[in-house]
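Undergrad: Pasting a structure here, questions to come.
The values are calculated or read from the model by the stated rules, or taken from the named source; none is laboratory data. Model, not experiment: these values are computed from the prediction. Neighbour counts run over all protein chains shown; Cβ positions are idealised from the backbone, glycine included. The protein model used for the area step is the full one, side chains on, heavy atoms only, and it has no ligands, DNA or RNA in it. Shrake-Rupley method; radii C 1.70, N 1.55, O 1.52, S 1.80 Å.
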Amino acid sequence: RWWIVTPDGRPFYISGVDHVDPAPDFDRVTNQCPYCAAVANQYPNDQAWATDTVSRLRKWGFNSVGSWSNTSLLDKMMPYTVLLSMASGNDWFAPSFVTNAQNVAASQVAPLKNDPNVIGYFTDTELRWGPDWTDQHTLLDSYLQLPPGSPGRVVAEGYIHNPDGFLKALATRYFSVTTDAIKSVDPNHMILGVKMIAQLTMPEVLVASA
């Protein structure tokens, strides 16, 4: 069996919360942030809020903070996960996709390689792997619409009438590029994959990610 362990070798069961931040989203209608006002009224500064919030989270049984949290305030106080945005462009077979992944790794991953509170990295969140509410086309259809001769279209043309095969090839490309980029600058932490919408995630993507 595989277990997550802490840097000092203790088993660790992650129980975390996303969006832990003293300045969360603003109301789109009123452009107000009631939580921001409450924090300002109750705490002299953001660090005081962070100390109290971590204490409260631990009392509630949580032991980490998740994506979209203010890690600049919390990174020394609780273990945390890091959400990257490594997907770029509309052709993941293009050299530019590799370059972008490497740039993200260099700027956002490398500085954290020796941070003992980093649990691991999510490479992206809720990527489109097939027909959904934004686009009813398969990814094979989308790649066949790329300009003739572009890397992705060349690959897609080898999978005519085989959208599942193309999806597996595309997902394999995505996960190999992103994981290689991370591992090249940080061999110390886990790669947690993509935050997926379960009911919209095709089996081929899971096979490729594994």
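Undergrad: Given a 1.4 Å probe and heavy atoms of the protein chains only, how would you sort E157, E126, E204, largest accessible area at the top? Mind dumping the intermediate values first?
TA: On the way: E157 95, E126 115, E204 40 Å².
Descending accessible area places them as E126, E157, E204.
Undergrad: Moving to a separate point now. In terms of Cα to Cα distance under 20 Å, which aspartates and glutamates are near enough to K113, apart from those fewer than 8 places away along the same chain?
TA: Answer for K113, where 20 Å is the Cα cut-off: D8, D75, D124, D180, D186, listed by chain and number.
Undergrad: Comparing R58, R128, R28, which has the greatest mean-square fluctuation in the GNM of the chain with Cα pairs linked when under 10 Å apart?
TA: R28
Undergrad: Please check which bits of region 107-130 a label hung off Q199 would reach, taking the label as a point 7 Å along Cα-to-C-beta and the cut-off as backbone N under 19 Å.
TA: 126-130
Undergrad: Taking only protein heavy atoms into account and a 1.4 Å probe, give the accessible area per residue of the chain in Å².
TA: That works out to 58 Å² for each residue.
Undergrad: Hey, another quick one. Percent of accessible area on the chain owned by carbon and sulfur, 1.4 Å probe? Mind showing how you got there, number by number?
TA: On the way: 6720 of 12270 Å².
It is 55 percent, rounded to a whole number.
Undergrad: Of the beta bridges DSSP finds with both residues in the chain, what % are antiparallel, to the nearest 5? Mind showing how you got there, number by number?
TA: Details: 1 of 13 bridges.
So the antiparallel bridges amount to about 10 percent of the total.
Undergrad: Here is a follow-up. Based on DSSP H assignment, which helices of the chain show an axial Cα extent of at least 15 Å together with a mean Kyte-Doolittle hydropathy greater than or equal to -0.5? Don't jump to the answer; show the numbers that get you there.
TA: On the way: long enough: 46-59 (20 Å, -1.06); 163-185 (34 Å, 0.23).
Span-like helices, by this rule, are 163-185.
Undergrad: Which residue, G61, N31, L112, has the largest displacement toward the positive end of the dipole of region 1-134 when charges sit on each Cβ (Lys, Arg +1; Asp, Glu -1)?
TA: About the Cα centre, the residue reaching furthest to the positive side is G61.
Undergrad: To continue, here is another question. Here are some pairs, K76/K183; K59/K183; K59/K168; which of them have Cα atoms lying more than 32 Å apart in this structure?
TA: Numbers: K76/K183 23 Å; K59/K183 35 Å; K59/K168 43 Å.
From the list (K76/K183; K59/K183; K59/K168), the Cα-Cα distance tops 32 Å for K59/K183; K59/K168.
Undergrad: In a GNM of the chain with a 10 Å cut-off on Cα contacts, which of W68, W133, W60 has the highest mean-square fluctuation?
TA: W133
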